[in-house]
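Asks: Below you will find the structure I want to go over with you.
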Amino acid sequence: MKVLVLGATSAIAQAAARVWAARGAELFLVGRNSERLGAVADDLRARGGKALTLAQDLNDEKQHEPLIENALQAMGAIDVVLVAQGLLGDPAGRDEDPAAAELILRTNLVAPVRLLTLLAPRMQPGACIAAISSTSGDRGRAQVGVYGASKAGLDSFLSALRQRLSRRGVRVLTVKPGFVHTPMTAQRKKHALYTSPAVIGRGIVRAVDRGRDVVYLPWYWRVILLIVRLIPETVFKRLSF
Amino acid sequence: MLGSWGRYPPPRHVAERPIAWRDEPLPEARPLLAYGQGRSYGDSCLNDGGALVPTAGLDRFISFEGSLLRCESGVTLGEILSLSVPRGFFLPVVPGTRHVSVGGAIANDIHGKNHHRAGTFGRHVRRLELLRSDGRVECAPGDELFAATVGGLGLTGLITWAELELKPIPGSAMRVEAIPFGGLDEFFALSEESDARCEYTVAWLHVVRSRGIFFRGDHAAGAARPPRRGLIVPFSLPLVIDLTTEAFNKTYFTAQKMGPRSRAEHFEKFFFPLDALAGWNRLYGKRGLLQFQCVVPTKEALQALLQEAPSSPLTVLKKFGELQSPGILSFPRPGFTLALDVPNRGAETYALYLRLENIAVEAGGAIYPAKDARMAPKSFARSYPRRGEFERHIDPAFSSSFWRRVAR
Ligand SMILES: Cc1cc2nc3c(=O)[nH]c(=O)nc-3n(C[C@H](O)[C@H](O)[C@H](O)COP(=O)(O)OP(=O)(O)OC[C@H]3O[C@@H](n4cnc5c(N)ncnc54)[C@H](O)[C@@H]3O)c2cc1C
Ligand SMILES: NC(=O)c1ccc[n+]([C@@H]2O[C@H](COP(=O)([O-])OP(=O)(O)OC[C@H]3O[C@@H](n4cnc5c(N)ncnc54)[C@H](OP(=O)(O)O)[C@@H]3O)[C@@H](O)[C@H]2O)c1
């Protein structure tokens, strides 16, 4: 199995990559910090995978085409793409500073859309495009601000892509994790709903194996978000969660 | 909020600053203390008023060549075994749970059922890197800083990675015997005979009736079926421990006695029986539990302790061997080690703990810091006489609730 991981230094991406590595997969890892990318690659090799790395800022749009050529050349074909890079931003900054808001949109929406637009025609029947969105995309909340908007945009794009590619037998998986213990949430106050990246990583691999379209991880977030979406707007606007 | 396994004392740190990469600097908060899997019972993994630095994100393997494994300090022993057992290697020393981190295993210089053969965990560490407030430093056996860090309770800095020497095994199975015995003399005899022959030995004791079961085992060829996991204690259940204690002991005895005498079983069942019940510490309710573990040099002292000890679902007894522990503050030393769980009932429990502590320390023994929440400073001073030598290596940016309590 040949896997392209974008944002490979993400804790969630690492957890999924470990499961694939243990199966002997070949992984092409892209991230922007080359030292940390090296640490991830060493780990995956020790676990039984093959790993190649490419240090690249994924917001650098000029590099998108070369990156994909590079990966295809190295691996021959791609069975699974995992899009994992993401930026939460600090709540104060992104609500007041348009540049901070734009950076979140570029990281979570523009770069993934550009990359997947380029990748889509290169994927073979049976291959899978998996992208990590978030439960935050299901309904805009003050606490997640433009981050939620970026994930809502990504959800919509993935849904369209799924329809478009299903005729060719290319699968598109939308992954919606709840709260996860990762560097992204390191500064946040923790509560009982937080899960480990390992749980999410295993969930992603299972969803890819089973050809799922949209998964909430863990599963109970589907129920929670169903309820959240049902709250009437007149009530919702006064809530503070 | 992160706490310790015994849920006593309750944690009162003011910040949690996780570390996820080896190249990260130390967080700016002071004082700091690394936090592995929180499998220490008392306050050695707590830092009231300061910051804990959880290492769960430092969980990468670095290399695994031959028998040498290099990994980050937050990797758990369970993760290592999942990787190494299929390749025919085992950890040289494992404790009673697989959910401890490499950093925690070094900082408490942990011991296992094979202490008489392998000594402590620290004896098998070949190299490690410390992240200190004045920079990074690698050290190895022979260096003073290494001897301070092994068993150093996290006070000499944050271990970022370590290199361990694993041992080859013939398969994932264990050949195990469970032998019921009555009275301490039988235990001493079984211990003597078994330690000479078997790699792993330990006894479970029913204190009140002074009966027990002696377990001994060796790695064996072939594979056995791994035990089932999945039972979880989801929230605090303030069970009436007196009843549980009796019931637990009885069931345990009957089950064991009915089983075949020598059998093959999966290594997880032999080493980590409690891991099948995730979060079992919650059975002791909100006030938590105290574990008392000490080592005493003589049979007489052991007898005196058992006179004082209450019935407990988990009373574990083992004879430590003669192999020298490598850490300045390592706990294991020749003698008998006894560990028992006591539900926390406040003053009466603390009084019992103090009686046991006094017997052990006066007999020339020591209390295990990884399990301790009560030991008096004078007991610590008496049983860890090399404290002065150790103190020179403490990183001024690090401290712990345990250290502020016992090193006054
Ligand atoms: C069911 C059970 C059975 C057990 N059986 C045994 C046994 O048989 N033998 C035995 O010896 N112990 C045993 N223990 C105790 C356990 O092995 C130790 O407490 C161990 O240190 C726990 O590791 P941890 O990763 O949870 O560390 P923590 O409890 O989180 O921390 C322990 C200490 O290690 C330090 N530390 C952690 N990571 C680092 C790091 N990266 N750098 C520097 N310092 C660090 C902490 O600061 C702290 O001082 C048992 C515990 C349980 C719950
Ligand atoms: N953690 C949660 O609670 C949670 C919940 C729902 C969804 N998610 C989503 O899960 C995904 C993975 O996040 P995580 O939780 O695993 O957090 P993480 O470990 O912080 O991962 C985020 C990764 O994105 C990378 N990245 C950001 N911008 C980049 C860029 N321009 N180019 C290349 N890489 C870039 C970061 O690299 P650097 O290290 O170089 O910055 C980092 O490795 C994200 O899409 C996130 O939105 C997370």
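Asks: Any idea of the accessible area per residue across region A:2-236, 1.4 Å probe, to the nearest Å²? Let's see the in-between values first.
Replies: On the way: 10370 Å² over 235 residues.
Heavy-atom SASA per residue in region A:2-236 reads 44 Å².
Asks: Between A and B, buried accessible area summed over both sides at probe 1.4 Å, in Å² to the nearest 100? Intermediate results must be reported in sequence, preceding the final value.
Replies: Details: alone 11700 and 16690 Å², together 27120 Å².
Adding both sides of the contact gives about 1300 Å².
Asks: Calculate how many DSSP beta bridges within the protein assembly as shown are antiparallel, expressed in % of all such bridges and rounded to the nearest 5.
Replies: For the protein assembly as shown, the DSSP antiparallel bridge percentage is about 60.
Asks: Between the chain alone and the structure with every protein chain in place, find the residues of region A:11-31 that drop at least 10 Å² of accessible area; heavy atoms, 1.4 Å probe.
Replies: Going by heavy-atom accessible area, the residues of region A:11-31 that drop by at least 10 Å² are A:GLN14, A:ARG18.
Asks: Ignoring ligands, DNA and RNA, what percent of the accessible area of chain B is carbon or sulfur (1.4 Å)?
Replies: On the way: 8800 of 16060 Å².
Of the solvent-accessible surface of chain B, carbon and sulfur hold 55 percent.
Asks: Roughly what would the spin-label model give for A:ALA74 and A:THR185, points 7 Å off Cα along C-beta, in nm?
Replies: Distance between label points: 3.0 nm.
Asks: Quickly rank B:7-19, B:155-167, A:36-48, A:209-221 as a protection proxy: mean count of other C-beta atoms within 10 Å, highest first.
Replies: On the way: B:7-19: 18.5, B:155-167: 23.2, A:36-48: 20.8, A:209-221: 15.2.
Listed from highest to lowest mean packing, they are B:155-167, A:36-48, B:7-19, A:209-221.
Asks: In whole percent, what relative contact order does region A:2-236 give with Cα contacts below 8 Å and a gap of six or more residues? Before the final figure, lay out the partial values.
Replies: Details: 405 pairs, mean separation 45.3, N = 235.
Once normalised by length, the contact order is 19 percent.
Asks: Same structure, new question: Among B:141-152, A:193-204, B:78-89, what's the highest-first ranking by average C-beta atoms within 10 angstrom per residue? Don't skip to the end; give the middle numbers.
Replies: Numbers: B:141-152: 21.2, A:193-204: 19.5, B:78-89: 17.8.
Packing order, densest peptide first, comes out as B:141-152, A:193-204, B:78-89.
Asks: Still on this structure, please answer the following. In terms of the Cα gyration tensor, with a ≥ b ≥ c the square roots of its eigenvalues, is region B:284-408 rounded because a/c is under 1.5, prolate because a/b exceeds b/c, or oblate? Write down the numbers at each step before the final one.
Replies: Working: a/c = 1.91, a/b = 1.21, b/c = 1.57.
Because a/c hits 1.5 or more and a/b fails to exceed b/c, region B:284-408 counts as oblate.
Asks: Next question. Which distance in Å, rounded to a whole number, links the C-alpha centroids of region A:48-89 and region A:102-134?
Replies: Each part's Cα centre sits 11 Å from the other's.
Asks: Which value in nm describes the separation of the simple spin-label points at A:VAL223 and A:ALA22, placed 7 Å from the Cα toward the beta carbon?
Replies: 2.7 nm
Asks: Work out the length of the dipole vector of region A:29-84 about its Cα centre, built from +1 on the beta-carbon of each Lys and Arg and -1 on the beta-carbon of each Asp and Glu, and round it to the nearest 20 debye.
Replies: Details: 6 positive and 9 negative charges, 52 e Å.
So the magnitude is around 240 debye.
Asks: So, one more: How far, in nm, would the chain grow between B:GLU65 and B:GLU300 when pulled straight, counting 0.36 nm per residue and subtracting the alpha carbon separation?
Replies: Numbers: separation 235, 0.36 × 235 = 84.60 nm, distance 4.68 nm.
Computed gain between B:GLU65 and B:GLU300 is 79.9 nm.
Asks: Just the number, please: carbon plus sulfur as a percent of the accessible area of region A:2-236, 1.4 Å probe, no ligands or DNA/RNA counted.
Replies: On the way: 5660 of 10370 Å².
Answer for region A:2-236 is 55 percent, counting heavy atoms of protein chains only.
Asks: Calculate for the protein assembly as shown the 222 nm mean residue ellipticity that helices alone would give, adding -39,500 (n - 2.57) per DSSP H run of length 4 or more and normalising by residue count, nearest 500 deg cm²/dmol.
Replies: Working: 22 runs with 216 residues, N = 649.
Value at 222 nm, helices only, nearest 500: -9500 deg cm²/dmol.
Asks: Express the accessible area of chain B per residue in Å², computed with a 1.4 Å probe while the remaining protein chains stay in the model.
Replies: On the way: 16060 Å² over 408 residues.
With the other protein chains kept in place, chain B gives 39 Å² per residue.
Asks: Let me ask another. Return the residues of region A:181-204 for which accessible area with all protein chains present is lower than in the chain on its own by 10 Å² or more; set the probe to 1.4 Å and exclude ligands, DNA and RNA.
Replies: Flagged in region A:181-204: A:PRO183, A:ALA186, A:GLN187, A:LYS190.
Asks: Put simply, what bits of region B:14-30 lose 50 Å² or more of accessible area when the other protein chains are there, versus the chain on its own (1.4 Å probe)?
Replies: B:TRP21, B:ASP23
Asks: What's the magnitude of the charge dipole for chain B around its Cα centre, counting Lys and Arg as +1 and Asp and Glu as -1 at the beta-carbon? Answer in Debye, nearest 20.
Replies: Details: 50 positive and 42 negative charges, 169 e Å.
Here the size comes out at about 820 debye.
Asks: To continue, here is another question. Between B:GLN307 and A:VAL235, what is the label-point separation in nm under the 7 Å Cα-to-beta-carbon projection?
Replies: So the label points at A:VAL235 and B:GLN307 sit 6.9 nm apart.
Asks: Sticking with this one: Determine the alpha carbon to alpha carbon distance for each of A:LYS151/B:LYS286; A:LYS50/A:LYS176; B:LYS167/B:LYS371; A:LYS2/B:LYS269; B:LYS299/B:LYS371; B:LYS269/B:LYS319 and list only those over 31 Å. Don't jump to the answer; show the numbers that get you there.
Replies: Working: A:LYS151/B:LYS286 40 Å; A:LYS50/A:LYS176 27 Å; B:LYS167/B:LYS371 28 Å; A:LYS2/B:LYS269 36 Å; B:LYS299/B:LYS371 22 Å; B:LYS269/B:LYS319 21 Å.
Violating the 31 Å limit, Cα to Cα: A:LYS151/B:LYS286; A:LYS2/B:LYS269.
The values are calculated or read from the model by the stated rules, or taken from the named source; none is laboratory data. What you are looking at is a predicted structure, and each value in this text was computed from that prediction instead of being measured. Because the Cβ atoms are built from the backbone with ideal geometry, glycine has one as well, and the counts that use them run over all protein chains shown. Heavy atoms of the whole protein, side chains included, go into the accessibility calculation; ligands, DNA and RNA do not. Shrake-Rupley method; radii C 1.70, N 1.55, O 1.52, S 1.80 Å.
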